[in-house]
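Enquirer: Here it is, the structure in full.
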Amino acid sequence: MLEKWIETVNGIIWSNPVVYVCLGVGLLFSIMTRFLQIRHLKEMILLVFKRKSSEAGVSSFQAFTMALSGRVGTGNIAGIALAIGMGGPGAIFWMWVMAFIGSATAFVESTLAQIYKVKRDGLYRGGPAFYIEKGTGLKWFAVIFAVVALVAMCLLLPGTQSNSIAVAFHSSFGMNMKVSGVLLVILLALIIFGGVKRIANVAQVVIPFMALGYILVSFYIMMTNITALPEVFSLIFRSAFGVDSVFGGMVGTAIAWGVKRGIYSNEAGQGSGAHPAAAAEVSHPAKQGLVQAFSVYVDTFLVCTSTAFMVLFTGMYNVKGPGGHFIVQNLPGVEEGTQYTQAAIESVFPGFGSSLLAITLFFFAFTTIISYYYIAETNMAYLVSDHKAKWPMFILKQVKGGSIGVIFFRYLAFTFQKGYICSPFGL
């Protein structure tokens with residue numbers, strides 16, 4: 001009954017009108033900013049490496065990596081493969097389009113977060129709840145956002161990440177899922193009980209390492225299948241516009257899945273990336289807006305595309321048509337998702353695909369859980385005043401870092417393996 005209700009809500013949220021509204025908003029911001037994502041690309045890259053911080057704020061680079069830790073998760077592996085399986089290779093092109101116009105959305109929300117940030121408990125805090133109240137005066141709406149974000153970041157979103165770690169380690173290394181759950185709890189607690197500064201310090205070390213490692217693995221797989229390069233790019237563009245003989249009737253499906261994956265992965269417009277953006281110490285709000293716009297590029301054009309190219313260059317994927325029948329079935333009996341990526345890695349690294357993917361999933365998922373905690377903490381800081389914040393923050397750490405929280409998330413996600421409960425934006 002609950003699963004059916006979740007499927008219904010998921011269908012409404014991801015109906016075609018909502019998909020096109022997301023595209024329209026990103027395009028509107030792109031036009032209003034005169035396509036800053038092109039004009040200021042060089043400045044974006046230079047600003048990322050600014051390392052000025054303070055007692056109240058983190059550096060631009062730390063805020064950048066904190067935002068990336070939320071953007072880069074299991075969706076970058078399982079979600080991209082799922083998009084290919086359900087929307088065909090053309091979904092990748094529309095994912096790129098969404099990243100391009102979504103970077104303008106990320107700029108706007110992150111700049112607003114900087115403009116309306118406040119200092120709470122000695123630290124810079126900001127995000128949609130803060131700028132909704134201060135920018136529009138609609139405090140009731142800001143409170144609703146903060147409460148919904150708190151529930152999502154504590155009870156809904158972490159489930160998919162923690163469950164992915166437990167399942168991957170169980171299938172690859174035979175580790176008991178309860179043991180992996182406890183170890184995850186301990187590691188998470190060591191970080192989040194150290195506060196925002198420790199979260200930022202972990203992010204700035206782990207995120208570049210894990211992203212670069214994943215990209216290098218993808219690059220090596222591409223190089224071993226380099227003869228497929230012209231065909232892969234041709235296939236992506238042909239199927240995106242319906243001129244391919246095999247995927248000709250899937251244009252609408254490709255657009256829908258490309259936009260879905262683009263939004264879920266790069267999070268532009270969701271407001272999550274605005275929280276770490278507000279924590280940065282910068283001389284002008286727009287500077288951090290540009291940094292966060294660039295994080296969308298890194299997430300989609302580098303990390304997500306790495307998954308897509310591994311799958312497409314090796315041909316390790318199936319595609320279902322609108323009627324549910326297989327248009328392409330290169331992997332008989334394999335469901336769309338993580339197993340496509342695993343098969344792609346196995347084709348080049350025989351015997352290591354499962355282990356390598358498990359380790360990758362751990363880094364991607366664990367850093368995302370840390371990001372979820374920071375967003376939850378920021379919204380808690382909005383809802384309670386400084387002198388009342390001590391106990392709510394302590395309870396929040398217990399829920400996020402304690403054994404009840406993570407193990408509950410894992411079993412909750414395991415119950416709904418299709419992923420409907422993983423996010424209000426779908427998976």
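Read-outs throughout are calculated quantities, based only on the coordinates presented, and are distinct from any laboratory measurement. Keep in mind the model is a prediction, meaning the values are calculated, not measured. Backbone-built Cβ (ideal geometry, glycine too); neighbour counts: all protein chains shown.
Enquirer: Could you tell me which of rounded, prolate or oblate describes the range 149-218, using a ≥ b ≥ c as the square roots of the eigenvalues of the alpha-carbon gyration tensor, with rounded for a/c under 1.5 and, failing that, prolate when a/b is larger than b/c and oblate otherwise?
Expert: Since a/c reaches 1.5 but b/c is at least a/b, the shape of the range 149-218 is classed as oblate.
Enquirer: Name the GluC sites (Glu not before Pro) in the range 8-109 that are in a loop by DSSP and that have at most 12 other C-beta atoms within 10 Å, would you?
Expert: GLU55
Enquirer: Roughly what angle does helix 229-240 make with the longest principal axis of the chain, taking Cα atoms, 0 to 90 degrees, to the nearest 10?
Expert: Approximately 80 degrees, to the nearest ten.
Enquirer: Still on this structure, I have one more. Taking the Cα centre of the chain as origin, work out the dipole magnitude from +1 charges on Lys and Arg Cβ and -1 charges on Asp and Glu Cβ, in debye rounded to 20.
Expert: 1080 debye
Enquirer: Oh, and also: Describe numerically, in nm with one decimal, the distance between label points set 7 Å from Cα along Cα→Cβ at TRP5 and at VAL182.
Expert: Those two pseudo-labels are separated by 3.5 nm.
Enquirer: For the chain, what is the calculated [θ] at 222 nm in deg cm²/dmol (nearest 500), taking -39500 (n - 2.57) for each run of four or more DSSP H residues and dividing by its residue count?
Expert: After summing the helix terms and dividing by residue count, I get -22500 deg cm²/dmol.
Enquirer: Could I ask something else about it? Going by the alpha-carbon gyration tensor, a ≥ b ≥ c the square roots of its eigenvalues, is the range 91-237 rounded (a/c under 1.5) or, if a/c is not under 1.5, prolate (a/b greater than b/c) versus oblate?
Expert: In terms of gyration-tensor shape, oblate.
Enquirer: With r defined as the distance between the Cβ atoms of VAL18 and ILE38 and R0 fixed at 22 Å, what FRET efficiency is calculated, to the nearest 0.05?
Expert: So, using R0 = 22 Å, E works out to roughly 0.25.
Enquirer: Work out, step by step, the length gained on full extension between PHE193 and SER245: first 0.36 nm times the residue separation, then minus their alpha carbon distance; give nm to one decimal.
Expert: Computed gain between PHE193 and SER245 is 13.2 nm.
Enquirer: Here is a follow-up. Roughly how many nanometres apart are two label points built 7 Å out from the Cα toward the Cβ at PHE352 and PHE237?
Expert: Computed distance between label sites PHE352 and PHE237 equals 3.4 nm.
Enquirer: OK, next. Taking the Cβ of SER265 as the centre, find all other residues whose Cβ is under 10 Å away and add up their charges (Lys, Arg: +1; Asp, Glu: -1).
Expert: It works out to a net charge of +1.
Enquirer: Hey, which of these cross-link pairs are over 24 Å Cα-Cα: LYS197/LYS260; LYS139/LYS197; LYS119/LYS139; LYS52/LYS139; LYS117/LYS287?
Expert: LYS197/LYS260; LYS139/LYS197; LYS52/LYS139
Enquirer: Right, another one. Excluding SER54 itself, calculate the net charge of residues whose Cβ lies under 12 Å from the Cβ of SER54, where each Lys or Arg counts +1 and each Asp or Glu counts -1.
Expert: Residues near SER54 contribute +2 overall.
Enquirer: So which residue, out of LEU312, LEU138, LEU155, gets the largest mean-square fluctuation from a GNM of the chain using Cα contacts under 10 Å as springs?
Expert: Comparing LEU312, LEU138, LEU155 in a Gaussian network model of the chain, the most mobile one is LEU138.
Enquirer: Let me ask something additional. Taking Cα pairs under 8 Å and at least six residues apart, what relative contact order does the chain come out at, in percent?
Expert: 35 percent
Enquirer: Which entry in (1) 0.99; (2) 1.04; (3) 0.94 is this structure's computed Cα Rg over 2.2 N^0.38 Å?
Expert: (3)
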